[in-house]
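Have a look at the structure below, then the notes.
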Amino acid sequence: MRHFTSVHDVLHFQRLLQEAVEMKNNPFGYATAGQHRTMCLLFFNSSLRTRLSTQKAAQNLGMNTMVLNINEDSWKMETQFGVVMNGDKAEHIKEAAAVIGRYCDIIGIRSFPALKNRAEDYADSIINQFIQYAGVPIVSMESAIRHPLQSFADIITIEQYKKKARPKVLLAWAPHCRALPQSVPNSFAEWAVAAGYEVVVTHPEGYELNPAFTEGAVIEYDREKAYRGADFVYAKNWSSYVHYGKILTDDPAWMVSHQNMTLTNQAKFMHCLPVRRNLVVTDSIIDSSDSIVIEEAANRVVSAQTVLWNILKYL
Ligand code: SN0
């Protein structure tokens, strides 16, 4: 593997899952794979799990890690071309990417969408410019349109808990007080379909995701029908793709609650975290024994380590 930005970078899906199981069972068995190699983790936006789990994964493989919060502890970065740089942005992404590429063997990047201009966000330009100018492998730590390390960890988690070969996996929209990216649901839908699950997506009208990401999934507007018989409920808020970046409703009936979960096949509750309690999910559901959010977060180390190991093999 050269870059890791989506499920499309995975050559052998089932083999990657097997490797993840091996990594999980034997996390220190590959401690020399990244010897004398350095990974830089670049954050344009906040992070807790991604920051810690990716560093831990790199360290388990014997790599050195450097973390940089762009716009906070470094120069503000200009990402547009052809502009007169007479504002507050002192450094252009073109030089920054090339320089970091000389210091590091792998670069991880987190950059959220601005949620203002759909075409600009969906061009995913920050990660793509790093791919173009850094000259080293790039790992998405959530881009404007996808969060593949999260989705891979989600699939590892579902494989761990599933009781049938092809579980019904429900991606359920839930309310939120802020406009959030579509990255997590876009990416989860792609990975869950690639894993061969029965994938159902439910949301209010107007929250349709970009169909390129939900191909192979069933879109079910009838919430009760969608929840019925689900083996996994993957909750997430996202802002509208159609009415780009907008919040269209805050109807609490869409919150993951006992009322919705009782329709399921005693579904496991999943969420990428951070999650806002009693807005996205009730206390009683996230605190129940069917909530697997902590194990899901723990598997972030496994997904990152498996991906980094696959990149290191070809360096
Ligand atoms: C991000 C998102 O893409 O939805 C990161 C998830 C891994 N989540 C948030 O930004 C939540 C922010 C909030 O205010 O709750």
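Out of segment 92-109, which residues are assigned to a helix (DSSP H, G or I) and among the hydrophobic types (A, V, I, L, M, F, W, C)?
ILE93, ALA96, ALA97, ALA98, VAL99, ILE100
Any residue in segment 94-122 that is at positive phi sitting within a Cβ distance under 8 Å of a residue that is at pLDDT 95 or above? List the pairs, counting only those 6 or more apart or interchain.
LEU115/ASP121; LEU115/ALA179; LEU115/PRO181; LEU115/SER239; LEU115/TYR244; LEU115/GLY245
Return the residues of segment 175-228 that are away from the ligand (no atom under 16 Å from the Cβ), surrounded by fewer than 22 Cβ atoms within 10 Å (Cβ to Cβ) and among the polar types (S, T, N, Q); say none if nothing qualifies.
Within segment 175-228, just THR214 meets the criteria.
May I ask you to verify whether MET39 is touching a strand residue (DSSP E or B) at 6+ places or on another chain (Cβ under 7 Å) and either without any contact (Cβ under 8 Å) to a residue 40 or more places away in the chain or surrounded by fewer than 20 Cβ atoms within 10 Å (Cβ to Cβ) (or both)? Reasoning before the result, please.
Working: touching a strand residue (DSSP E or B) at 6+ places or on another chain (Cβ under 7 Å): yes; either without any contact (Cβ under 8 Å) to a residue 40 or more places away in the chain or surrounded by fewer than 20 Cβ atoms within 10 Å (Cβ to Cβ) (or both): no.
Against the criterion (touching a strand residue (DSSP E or B) at 6+ places or on another chain (Cβ under 7 Å) and either without any contact (Cβ under 8 Å) to a residue 40 or more places away in the chain or surrounded by fewer than 20 Cβ atoms within 10 Å (Cβ to Cβ) (or both)), MET39 does not qualify.
As an exercise: evaluate ARG15 against (1) surrounded by fewer than 17 Cβ atoms within 10 Å (Cβ to Cβ); (2) of a type in the set (Lys, Arg); (3) within 16 Å of the ligand (Cβ to nearest atom) and give the number of the one condition it does not meet.
ARG15 satisfies every listed condition except (3).
Tally time: how many residues in segment 77-91 are surrounded by 13 or more Cβ atoms within 10 Å (Cβ to Cβ) and part of a loop (DSSP other than H, G, I, E, B)?
2
Which one of these does THR32 not meet: (1) of a type outside the set (Phe, Trp, Tyr); (2) surrounded by 11 or more Cβ atoms within 10 Å (Cβ to Cβ); (3) in contact with a Gly (Cβ under 8 Å, 6 or more places away or on another chain)?
(2) is the only condition that THR32 fails.
Taking TYR103, is it surrounded by fewer than 18 Cβ atoms within 10 Å (Cβ to Cβ), under 22 Å from ALA192 (Cβ atoms) and either in contact with a Leu (Cβ under 7 Å, 6 or more places away or on another chain) or not basic (Lys, Arg) (or both)?
Criteria not met by TYR103.
Quick grid of which residues meet (1) touching a Phe, Trp or Tyr at 6+ places or on another chain (Cβ under 8 Å); (2) among the basic types (Lys, Arg); (3) more than 25 Å from LEU52 (Cβ to Cβ):
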{"position": "SER143", "(1), (2), (3)": "no, no, no"}
{"position": "ARG178", "(1), (2), (3)": "no, yes, no"}
{"position": "ASN186", "(1), (2), (3)": "yes, no, no"}
{"position": "GLY206", "(1), (2), (3)": "no, no, yes"}
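Which of the residues spanning segment 24-68 are more than 27 Å from SER111 (Cα to Cα) and not in a loop (DSSP other than H, G, I, E, B)?
Those that are more than 27 Å from SER111 (Cα to Cα) and not in a loop (DSSP other than H, G, I, E, B): LYS24, ASN25.
The values are calculated or read from the model by the stated rules, or taken from the named source; none is laboratory data. A quick note: this is a predicted structure, and the numbers were derived from the prediction, not measured. Using ideal geometry, Cβ is built from the backbone for each residue, glycine included, and neighbour counts are taken over all protein chains shown.
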